[in-house]
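Read through the structure below, which is laid out as structure tokens, and then see the notes.
The values are calculated or read from the model by the stated rules, or taken from the named source; none is laboratory data. Everything quoted here is computed from the prediction, not taken from an experiment. Don't worry about glycine lacking a Cβ; one is built from the backbone with ideal geometry, like all the others, and counts go over all protein chains shown.
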Amino acid sequence: MITTILKAAATTAGCDQVFYESKELAGIITDQAQQGKVFCLIIQPDTCTLNIAGNGIREHFATHYVEVMQQVKLEDTAENNEVVYANLLEICKKLIYALIITGSFQKIGSVTVMKIPENKYDFNPIGWSIPLDLQLIENKANC
């Protein structure tokens, strides 16, 4: 369910393509990126904590990492890349806002975004990685 909400938020924020995979498979699908398109990679967590709350159970997943990226030309100058970084940061803000207005999660506090190292993937993307600690508000029924 969280992945569906994240995908909708990324699309609303302005991402042209949204992919999601586990950490181990994240590098395989990124060769599908197209030059100039903004895309989002949702890295799904491997663990979930079940918190008992009243008469229900809340799912608290480990940190989701959402990476907002754009492929750039190797010959681009630092000034050109800074413009891309600034535009992608605006998309990150819109993505977080889109998550907030869904009302699906407990409080989303301050989020520290990190630049994605240019050597992380083999197709020269630049962008931001957003660590999101998300806890659904909805309780699941008792088993």
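Would you tally the residues in the range 70-87 being outside any helix (DSSP H, G or I) and over 16 Å from the mean Cα position of the chain (by Cα)?
We begin by selecting, within the range 70-87, every residue outside any helix (DSSP H, G or I); these are 70-77.
Those left that are additionally over 16 Å from the mean Cα position of the chain (by Cα): 71-77.
So the count comes out to 7.
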- Query: What residue, among those in the range 64-84 that are touching a residue at least 24 places away in the same chain (Cβ under 8 Å) and among the polar types (S, T, N, Q), is surrounded by the most Cβ atoms within 10 Å (Cβ to Cβ)?
  - Reply: Gln70
- Among Glu90, Glu59, Glu67, the single one that is over 17 Å from the mean Cα position of the chain (by Cα) and of a type outside the set (Val, Ile, Thr) is Glu59
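Can you tell me which residues in the range 86-143 are aromatic (Phe, Trp, Tyr) and at pLDDT below 95? Quick ask: steps written out before the conclusion?
Residues of the range 86-143 aromatic (Phe, Trp, Tyr): 97, 105, 121, 123, 128.
Of everything in the range 86-143, those that are aromatic (Phe, Trp, Tyr) and at pLDDT below 95 turn out to be Phe105, Tyr121, Phe123.
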- Note on the structure: Taking the range 101-126 and keeping only residues that are surrounded by 12 or more Cβ atoms within 10 Å (Cβ to Cβ), polar (S, T, N, Q) and out of contact with any Leu (no Cβ under 7 Å at 6 or more places or on another chain), one is left with Thr102, Gln106
- For residues that are farther than 11 Å from Thr102 by Cβ, of a type in the set (S, T, N, Q) and at pLDDT 95 or above, tally how many sit in the range 1-17. 1
